[in-house]
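Following: one structure in structure tokens, then a few remarks.
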Amino acid sequence: MAVSTPILGIAVLIYLMVIFYLGWLGYKQTKSTEDFMVAGRKVNPLVLAVSYGATFISTSAIVGFGGYAGAFGMGVLWLVFMNIFVGIFLAFVLFGKRTRRLGVNLGAVTFPELIGRRFQSRFIQGFSGILITVFMPLYAGSVLIGGARFMETALNIDYNSAVLILAVIVAAYVITGGLIAVMYTDALQGALMFVGMGILLVLTYIKLGGVVESHQALTNMAHLVPANLAAVGHTGWTSMPVFGSPTWWTLVSTIILGVGVGVLAQPQLAVRFMTVKDTRSLNRAVLSGGPFILMMAGVAYVVGALSNVHFLATRGVISLDAAGGNIDKIIPEYISSAMPDYFVIFFLLTLLAAAMSTLSSQFHTMGTAIGHDLYREFLMKGKIGKTVTVTKLGIAVTIVMSVVLAYILPFSVIARATAIFFGLCAAAFLPMYTGALFWKRMTKEGAIASLLIGTFTSLFWLTFVHAKEASALGISKMLFGVDTILTGTWTVVDPILIATPLAFLTAIIVSLMTVPSPQEHIDLCFKNSAINEMHSNTVEL
Amino acid sequence: MLGIDDPQIWIAYLLCFLSAIGCIIYGMIHWNDGGENEEGC
């Protein structure tokens with residue numbers, strides 16, 4: 001690469017200095033546990049929206065899912081629609097307002113604590129904490145891979161060193177600054193991402209001859225789909241895969257539904273709702289949140305797909321071949337070969353921002369899951385003990401786990417690993433989270449049953465039925481001598497389609513069969529609920 | 001439409017923009033809702 005190293009070094013240095021300055025400001029403002037956990041519950045709406053968006057969208061979305069669009073085309077634009085409609089609109093308007101209220105009423109500072117206190121169960125809090133600790137590194141690892149692949153391709157840095165550099169930078173300010181630091185640096189990083197992705201979109205369309213012209217050129221490439229991909233349903237980059245084919249199922253069930261719905265039950269995003277002062281901030285945040293996601297995910301997927309036109313014109317190959325068959329390298333390869341040098345540097349900062357903003361929240365969530373949810377509330381029954389030390393230790397341990405995963409996970413893994421984590425969250429958390437907010441009749445037993453059924457059905461399906469993971473893990477082969485215990489279409493249906501409905505059903509049936517929570521507790525949970533918003537859509541039995 | 005033949009794709013392309021515009025409109029309409037009766041929470 002022709003990128004000048006001194007200029008790059010200076011740019012990264014200035015950027016990091018600003019980030020650390022903001023982190024330090026956050027550290028100075030962090031005086032109480034509530035500050036560290038939920039930023040004192042008084043965060044500005046624009047900061048909330050951009051911080052939420054920057055956390056939501058990471059190198060996993062830009063590099064991983066952008067690369068997926070490069071390989072499989074624009075069908076993934078449905079995920080952008082889901083990200084905006086479900087991930088922003090429904091999340092803020094339906095879930096956000098009630099989450100904030102419940103969080104305040106119960107004094108909850110983490111997502112597991114919110115659910116645990118709503119159902120008066122330390123088990124729920126502890127188990128959710130364990131789930132986050134064990135599986136979120138898969139997602140954090142994917143984000144690290146996304147950032148590191150770009151550094152590897154664009155800057156010729158060794159991949160393993162790139163993973164380490166990224167992890168160390170993020171660790172430094174999360175461990176010190178808590179959530180205030182995380183949210184303010186997120187907001188700056190979000191602004192940077194917005195500008196970076198905007199330029200990327202404009203440059204790409206200009207380079208390829210215009211909006212309609214570039215789409216048309218991509219449409220005309222349908223005959224270039226490799227035979228092995230065509231055989232599993234790939235029909236081109238501007239058309240959906242063949243209905244019911246393996247590619248269709250992966251796109252629709254794993255990518256679009258898994259990530260599109262799973263976002264509602266993401267602990268590191270839900271905790272954001274507990275940081276704002278009032279419902280008004282949530283309404284205002286919708287305004288900037290929607291366009292922000294459009295500019296992030298929308299641009300990444302459109303550009304990812306269009307990279308095929310660029311590589312065909314310049315090298316006579318499709319993107320997947322240009323990236324050596326590794327989906328995760330399509331976006332880095334495209335940026336470094338198609339964009340001017342100054343933009344490569346700027347885009348590196350954009351990606352660094354995207355990775356850091358997501359990683360910092362993930363590490364913060366995992367650290368509090370271990371220190372607060374698991375250690376303090378579950379093991380110590382509420383006694384503070386060594387919570388702060390355990391939290392910081394927890395952050396350190398989960399960072400190590402994520403780095404190790406970033407080293408050992410295979411190629412083309414970012415989008416899949418992210419989707420697995422989102423799908424697991426949907427199955428395990430979404431039914432009890434939805435019930436906690438909208439259904440007063442839901443009981444502790446119903447919540448615990450749905451948590452366990454959602455979790456274990458998902459894991460069972462991944463281990464024994466869903467072919468991609470089941471055959472890679474090899475547990476089914478070892479126990480039963482077959483890659484998957486079911487055959488045919490089942491092996492391409494994502495766990496989310498099986499486990500989430502089952503967990504919802506379990507929640508309803510078990511709740512109706514068990515004794516309701518005491519009325520005083522329900523009153524406490526839902527007290528002072530803005531009369532107009534509560535009564536309109538609470539289900540009461 | 002837009003150089004894309006498959007309606008399942010161009011509809012998604014348009015929906016992305018429409019949903020983002022929807023968010024802007026929602027935010028503007030409800031800009032001042034939900035602040036007053038919540039003081040002291």
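The values are calculated or read from the model by the stated rules, or taken from the named source; none is laboratory data. If you're wondering where the values come from, they're calculated on a predicted model, not measured in any experiment. No Cβ is skipped: glycine too gets one built from the backbone with ideal geometry, and neighbour counts run over all protein chains shown. For the accessible areas, the whole protein counts, side chains as well, though only heavy atoms, and no ligand, DNA or RNA atoms are used. Shrake-Rupley method; radii C 1.70, N 1.55, O 1.52, S 1.80 Å.
Of the chymotrypsin sites (Phe, Trp or Tyr not before Pro) in region A:232-269, the ones in a loop by DSSP (not H, G, I, E or B) with at most 10 other beta carbons within 10 Å are A:Phe243. Counts of other chain beta carbons within 10 angstrom of each beta carbon in peptide A:291-304 average 2. Backbone geometry of region A:468-485 corresponds, through the Karplus equation with coefficients 6.51, -1.76 and 1.60 at θ = phi - 60°, to 3J(HN,Hα) couplings of 4, 7, 4, 6, 5, 6, x, 5, 4, 4, 5, 7, 10, x, 10, 4, 9, 7 Hz, x marking Gly and Pro. Helical runs (DSSP H, four residues minimum) scored at -39500 (n - 2.57) apiece and divided by the length of chain A put the mean residue ellipticity at 222 nm at -22000 deg cm²/dmol.
3J(HN,Hα) along region A:486-495, derived from phi through the Karplus expression 6.51 cos²θ - 1.76 cosθ + 1.60 where θ = phi - 60°, amounts to 10, 10, x, 4, 3, 6, 10, 7, 5, x Hz, with x in place of Gly and Pro. Working ranking of peptides A:467-476, A:451-460, A:515-524 by packing, defined as the average number of other Cβ atoms within 10 Å per residue, highest first, is A:451-460, A:467-476, A:515-524.
Using Cα pairs closer than 8 Å and at least 6 residues apart in sequence, work out the relative contact order for region A:5-426, in percent. Write out the running numbers ahead of the final one.
Working: 727 pairs, mean separation 156.2, N = 422.
Dividing the mean separation by the residue count of region A:5-426 yields 37 percent.
Under 5 Å from the amide H of A:Val276 lie the amide H atoms of A:Val43, each residue being 5 or more positions distant or on a separate chain, with H modelled from the backbone and absent for Pro and chain starts. Modelled label positions at A:Phe480 and A:Asp341, each set 7 Å beyond Cα in the direction of Cβ, lie 5.8 nm from each other.
Between A:Thr389 and A:Ile206, what FRET efficiency comes out of the Förster formula 1/(1 + (r/R0)^6) with R0 = 51 Å and r the beta carbon distance, rounded to 0.05? Efficiency for this residue pair is about 0.45.
Peptide A:450-459 is shielded by partner chain Cβ atoms: per residue, an average of 0 of them sit within 10 Å of its Cβ. Computed in the context of the full set of protein chains, the accessible area of region A:5-426 at 1.4 Å probe radius has 72% of its extent on carbon or sulfur. Separation of region A:77-149 from region A:301-355 is 31 Å, based on Cα centroids. Coupling constants for region A:311-322 follow from the phi torsions by the Karplus curve (6.51 cos²θ - 1.76 cosθ + 1.60, θ = phi - 60°), and in residue order they are 5, 5, 5, 8, 10, x, 10, 7, 4, 4, 6, 4 Hz; glycine and proline get x.
Peptides A:265-278, A:355-368 ordered by packing proxy, namely the average of other Cβ atoms within 10 Å per residue, highest first: A:355-368, A:265-278.
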